[in-house]
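Below: the structure, in structure tokens.
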Amino acid sequence: MIHVRDLTKSYPDLQHGEFVALNRLSFDAKPGEIYGLLGPNGAGKTTALRILSTVLRPTSGTATVSGFDVMTQPSQVRHHIGFVSCNTAVYDRMSAWEMVEYFGRLYGMQEEPLRARMEDIFERLQMNEFRDLLGAKMSTGMQQKVSIARAIVHDPPVLIFDEATTGLDVLVARAMLQTVSELRDNGKCIIFSTHIMREAERLCDRIAIIHRGQMLAEGTLEGLRESCGEHDLEELFFQLISEYERQHEFLETAEAG
Amino acid sequence: MNWFNVKLIFAREIRDQLRDRRTMFMIFVLPVLLYPLLGMSLLLVAQFVQEQSSSVLLIGSDNLPDDPQLVDEDRFREPLFASPEKRDLLKLEFRDEPLSDDDGDGDHMKAMAVQEMDLHGYDLVIYFPRNFDVRLQEFRDQLKQRDGPNQTPAAIPSPQLFFDKSKDKSNLAYKRISQVLRLWTIEIGDQNLAESKLPATVTRPFTFSNTDLAAPGHSNTSMWSKILPFVLLIWALTGAFYPAIDLCAGEKERGTLETLLSSPAERSEIVMGKLFTIMSFSIATAVLNLAGMALTGKFLISQFSGLGGMGDIGPPPMLALVWLPLALVPMSALFSALCLALAAFARSTKEGQYYLMPLMLITLPLTILPMTPTFELNLGNSLIPVAGMMLLMRETIQGNYGEAAKFIAPVLAVTLICCWFAVRWAIDQFNRESVLFSEGERVDVGIWIRHMLRDRGPTPTVLEALLCGVILLVIRFYAMSSMKPQDSFAGFAVSTAVIQIALIATPAMLMAVMLTSSPRRTLLLNKPALLTLPAAVLLAVALHPGVLALGKVVSDVFPMPSAQMEQINEMLAKVQADAPNVWMFLLIVAVLPAFCEEIAFRGFILSGLRHLGHKWQAIAISSIFFGVAHMMIQQSLMAALVGIIIGYVAVQSGSLLPCIMFHVTHNALAIADGSLSKNPRFEWLYSGAYQWWIVALGAGIAAALLLWFRTLSYSRTEEELWQETVDKPAQATTG
């Protein structure tokens, strides 16, 4: 469903010359699975997911979503994904219903099927009591529900969640995770990025640990525990990253010397 | 482009803006309230100004003649005023003449006037010197006894007026009293004539009778034809600016832009949807303000005329209110696209606000220029963006429909071309990650310079190319003001060499060495394909008749003052005559500029601009720099056009040498043309200008050569390769 090969993204950076945000990242994700991207802040998770949603273009490498190339067929890619991130806010001056309807129309849905679909989603996500409330007056939880409704209104096969629980309280975050796992059960291919270990542990079928734009490890939770010989995910995560930093430092001093 | 999506985005943005209280206030409430309020305060202020009186100190009233009287009781005599009320506006106070020995000399009186004005707040001091009446009487007596015309009576000492031009009240007092004194002097003159037994008509044997031929309802259009278009355009710009900021920078700030970008809507659809929204608000703002101003103006003027008139200002022509909105649509489109592209740059609404100033600075001269009386609608002026449209509106309001109709086509063409570029620019901005996702960087010149020197690419960046262009222009501007015209060959050669080598080639070469890792690639110092050299020379020869013909059209459209033209021709002729031989002259006028200008414009600047990703954009912008560097509009236009051809040769051949060959040939032919046209042997092909068939033949050969250049495989920059991959599928789906 999603194939990422050698995805690289670099930016010109005034202070350090070129900044490599993503360094030859490769992974695959299948329908009916939640693929977790776990990494500290600034690891390159957002960059990777922005490339998958065609908002950014990769410097090199390829990525296909549902068989469409993000570089050459960005429009088709966008038709087949739903993208929720901490950076995709809801419109302040639009009600929940209008917002979801607007995006449904942008996805090319006809009026009648759209209405039926929206009634269904508003019912399932329990959004009916604030369907006419303007975005500016919604609580963060309500806004997040609207974002999810907006992302799934066209029933895409692929869903991308980028740090989607950031800033949510425990109850809302829990409900959100519940929704995500239901979507997986419906056969969606889901990419879920987070820096919170608990979320990754509970939700993800497979996890990739990313740091400084590079993949340090990948596998099921069990597989990762076995290969690293460490049961606690947080400890495992920390070990991998400090090991990388040590090597990195060594290389840098070797280069400088 | 999917127009359904554009419509969808447009409808949403409009609804969004209409739900914003600030927008509603700015666009709908302000014009409805603002103008009546302004009008009301104007009425109040006007009454205040009318009723304010001036206080005048008169020194030496004893020296005034008894007949004709200037002062009656404590004020100026009533017949000296146009209306009796005006008499009350000049309050008089009297002071005796100071007793001093110096007979009221200038400095003494001046000091006294200053003191009086400071201490007692007089607006004006008037002084009649001692014995003024006596001397006036003597003068009149002498007139009566005069023997012949040659005998002139002794002069009368001048009365003095002291006022302060830097103070409005003092100025007003001066204006009022001047009227009074003028009438009084005429009375004295008339009396003198009467006493000399001459009729008063001796000095004014006839009067001019004036008839205003303006059609009824058009007599006041002159002022309105300047003010209304100005108001309209300024509001169209302002009305476009704030929604643009909210729709771009505001969305970035609120985080909704990324939501929209990840939807299936294409960037071009997003831009068009937003553009139409901004346009709607721009038009609405302008029309409402225009209507508010016109209605208030009409009401005010009818009020004033009830109060005794306000000069020759009449109500605005209402027919104009129908024409103006028509002209408004393309202007709003242009302003909206410009604002959108600028607003896309801004990271936040606050940053966006800062961009209004530069935008205004560019637009204001273009809108103020057409308000000057000498600036008239003609072909040349109609080709100036914004200003041309203003002139068209001016003519339309004045009712000169025939004159206006002639220039609708060029004005519309220029406006639409500008529109198209602005829209392309806006779409380009939305395709740029660095613009959409730019983060705040610390401003540090040191870091920036280090970055420029450390992260050098083989060729300069777009920014460095633009910087080079601007630096060259600025240097050129300052050099121009300090260089004197030369008429000896040696002086001319030195000044040309300094300009070309030191001010054009050297900066470009220095920048190439410092800012790029491959100056050779930057300055296109490659060996070209051998055939490109004769092809470039032939191209210049073939284009020459066409260039000449076009140059004639340009100088007809934008005529140069003939005195200036003669001066230049004379100087060139002198220099040429002074040159030791024709080769030296050619070296200085043709070869040297070709080398130096090519290094700068086709070398550094074009190489850097090619990182834009569109080779034609790069060629066009480098040609604009090349044109502007020629500093004279007629030369600039031609240089820019020729620059496009040379730029194309540079891109296709990948080498500077064919460009230099073209440039040398082109310059040499331009010089040879002068001597050629005087030679009777060439008369068959040349009669004032080349025969049309030669021009056509040349154009045909040039087209064939350009087609040949097109078949050459040229090296593309990374950005151009990327743009090609993006454009291809788009073309496949639209085609």
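Which condition from (1) among the acidic types (Asp, Glu); (2) surrounded by fewer than 16 Cβ atoms within 10 Å (Cβ to Cβ); (3) in contact (Cβ under 8 Å) with a residue 12 or more places away in the chain is the one that A:Asp120 breaks? The number of the failed condition is (3). It is to be established whether one or more residues within the stretch B:346-357 are more than 26 Å from B:Asp428 (Cα to Cα) and open to solvent by less than 30 Å² (accessible area, probe 1.4 Å). The answer is no; no qualifying residue exists.
Residue by residue, here is whether (1) in contact with an Asp or Glu (Cβ under 6 Å, 6 or more places away or on another chain); (2) within 10 Å of another protein chain (Cβ to nearest Cβ); (3) at pLDDT below 90; (4) within 21 Å of A:Thr220 (Cβ to Cβ) holds:
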site: A:Phe27; (1), (2), (3), (4): no, no, no, yes
site: A:Ile34; (1), (2), (3), (4): yes, no, no, yes
site: A:Leu37; (1), (2), (3), (4): no, no, no, yes
site: A:Ala48; (1), (2), (3), (4): no, no, no, yes
site: A:Ile51; (1), (2), (3), (4): no, no, no, no
site: A:Arg57; (1), (2), (3), (4): no, yes, yes, no
site: A:Ser66; (1), (2), (3), (4): no, no, no, no
site: A:Thr72; (1), (2), (3), (4): no, yes, yes, no
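Scanning the stretch B:116-130 for residues that are more than 46 Å from the chain's Cα centre (by Cα) and open to solvent by 70 Å² or more (accessible area, probe 1.4 Å) yields B:Leu119, B:His120, B:Arg130. Scanning the stretch A:9-25 for residues that are more than 14 Å from chain B (Cβ to nearest Cβ) and open to solvent by less than 40 Å² (accessible area, probe 1.4 Å) returns a single hit, A:Leu25. Restricting attention to the stretch A:74-103, the residues being within 9 Å of another protein chain (Cβ to nearest Cβ), charged (D, E, K, R) and over 17 Å from the mean Cα position of the chain (by Cα) number 3. Might you check whether a residue that is at pLDDT below 90, away from chain A (no Cβ under 14 Å) and within 22 Å of the chain's Cα centre (by Cα) occurs anywhere in the stretch B:423-437? No, the stretch B:423-437 contains no residue that is at pLDDT below 90, away from chain A (no Cβ under 14 Å) and within 22 Å of the chain's Cα centre (by Cα).
Every residue, every condition in (1) part of a helix (DSSP H, G or I); (2) open to solvent by 40 Å² or more (accessible area, probe 1.4 Å); (3) within 16 Å of A:Ile34 (Cα to Cα), yes or no:
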position: A:Ile190; (1), (2), (3): no, no, yes
position: A:Arg198; (1), (2), (3): yes, yes, yes
position: A:Ile209; (1), (2), (3): no, no, yes
position: A:Glu218; (1), (2), (3): no, yes, yes
position: A:Gly223; (1), (2), (3): yes, no, yes
position: A:Ile241; (1), (2), (3): yes, no, no
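Scanning the stretch B:248-292 for residues that are facing chain A (nearest Cβ under 9 Å) and among the small types (Gly, Ala, Ser) yields B:Gly255, B:Ser262, B:Ser263, B:Ala265.
Total residues in the stretch B:513-534 satisfying the condition of being more than 28 Å from B:Val695 (Cα to Cα) and either part of a helix (DSSP H, G or I) or among the acidic types (Asp, Glu) (or both): the figure is 7.
Scan B:Ala465, B:Ala409, B:Ala387 and give me the residue that is more than 24 Å from B:Ser348 (Cα to Cα), free of Cβ contacts under 8 Å to residues at least 24 places away in the same chain, hydrophobic (A, V, I, L, M, F, W, C) and surrounded by 16 or more Cβ atoms within 10 Å (Cβ to Cβ). Criteria check complete, one pass: B:Ala387.
Filtering the stretch B:48-68 to residues that are open to solvent by less than 80 Å² (accessible area, probe 1.4 Å) and not β-branched (Val, Ile, Thr) leaves B:Gln52, B:Ser53, B:Ser54, B:Ser55, B:Leu57, B:Leu58, B:Gly60, B:Ser61, B:Asn63, B:Leu64, B:Pro65, B:Pro68. For B:His451, the conditions (1) within 33 Å of the chain's Cα centre (by Cα); (2) assigned to a helix (DSSP H, G or I) all hold with the exception of (1).
Could we say that B:Val537 is part of a helix (DSSP H, G or I), in contact with a helix residue (DSSP H, G or I) (Cβ under 6 Å, 6 or more places away or on another chain) and without any contact (Cβ under 8 Å) to a residue 24 or more places away in the chain here?
Working: part of a helix (DSSP H, G or I): yes; in contact with a helix residue (DSSP H, G or I) (Cβ under 6 Å, 6 or more places away or on another chain): yes; without any contact (Cβ under 8 Å) to a residue 24 or more places away in the chain: no.
Answer is no for this residue.
Whether any residue in the stretch B:253-273 is more than 29 Å from A:Ile152 (Cβ to Cβ), of a type outside the set (Gly, Ala, Ser) and buried (at least 24 other Cβ atoms within 10 Å of the Cβ) is what I want to check. Please lay out each step first, then the result.
Just the residues of the stretch B:253-273 that are more than 29 Å from A:Ile152 (Cβ to Cβ), to begin with: none.
No, the stretch B:253-273 contains no residue that is more than 29 Å from A:Ile152 (Cβ to Cβ), of a type outside the set (Gly, Ala, Ser) and buried (at least 24 other Cβ atoms within 10 Å of the Cβ).
Here is a yes/no grid of residues against (1) on the phi < 0 side of the Ramachandran plot; (2) surrounded by 15 or more Cβ atoms within 10 Å (Cβ to Cβ); (3) within 33 Å of the chain's Cα centre (by Cα); (4) in the same structural domain as B:Gly603 (by TED's automatic domain parsing):
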residue	(1), (2), (3), (4)
B:Met511	yes, yes, yes, yes
B:Met514	yes, no, no, yes
B:Ala536	yes, yes, no, yes
B:Pro561	yes, no, yes, yes
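Right, A:Ile241: in contact (Cβ under 8 Å) with a residue 60 or more places away in the chain and under 28 Å from A:Tyr11 (Cβ atoms) or not? Yes, satisfied. Checked against (1) in a helix (DSSP H, G or I); (2) at pLDDT 85 or above, B:Ile384 passes all but condition (1).
Against the definition (more than 14 Å from every other protein chain (Cβ to nearest Cβ) and β-branched (Val, Ile, Thr)), how does A:Ile191 come out, yes or no? Taking the combined requirement at face value, the residue does not satisfy it.
In the condition set (1) over 18 Å from B:Val589 (Cα atoms); (2) free of Cβ contacts under 8 Å to residues at least 40 places away in the same chain; (3) crowded, with 17+ Cβ neighbours inside 10 Å, B:Ser482 is compliant with all but (3). Scanning the stretch B:13-47 for residues that are within 14 Å of B:Ser280 (Cβ to Cβ) and without any contact (Cβ under 8 Å) to a residue 12 or more places away in the chain turns up B:Arg15, B:Asp16, B:Leu18, B:Met24. Residue under question is A:Asn41, and the condition is that it be surrounded by fewer than 22 Cβ atoms within 10 Å (Cβ to Cβ) and under 16 Å from the mean Cα position of the chain (by Cα); does it hold? Here the answer is yes, as A:Asn41 does meet what is asked.
Among the conditions (1) at pLDDT 80 or above; (2) not in a helix (DSSP H, G or I), the only one that B:Leu275 does not satisfy is (2).
For the stretch A:137-148, check the following and say yes or no: at least one residue is in contact with a strand residue (DSSP E or B) (Cβ under 9 Å, 6 or more places away or on another chain) and surrounded by fewer than 16 Cβ atoms within 10 Å (Cβ to Cβ). Taking every residue of the stretch A:137-148 in turn, none turns out to be in contact with a strand residue (DSSP E or B) (Cβ under 9 Å, 6 or more places away or on another chain) and surrounded by fewer than 16 Cβ atoms within 10 Å (Cβ to Cβ). Set side by side, the residues B:Arg15, B:Arg22, B:Arg77 differ, and just one is open to solvent by 60 Å² or more (accessible area, probe 1.4 Å), over 34 Å from the mean Cα position of the chain (by Cα) and not small (Gly, Ala, Ser), which is B:Arg15. The condition (being away from chain B (no Cβ under 14 Å), open to solvent by 50 Å² or more (accessible area, probe 1.4 Å) and either outside any loop (DSSP other than H, G, I, E, B) or aliphatic (A, V, I, L, M) (or both)) is satisfied by just one residue among A:Leu177, A:Leu183, A:Leu171: A:Leu171.
The values are calculated or read from the model by the stated rules, or taken from the named source; none is laboratory data. Since the structure is predicted, the reported quantities are computational estimates derived from the model, not experimental observations. Please note: Cβ atoms are built from the backbone with ideal geometry, for glycine as well, and neighbour counts cover all protein chains shown. The protein model used for the area step is the full one, side chains on, heavy atoms only, and it has no ligands, DNA or RNA in it. Shrake-Rupley method; radii C 1.70, N 1.55, O 1.52, S 1.80 Å.
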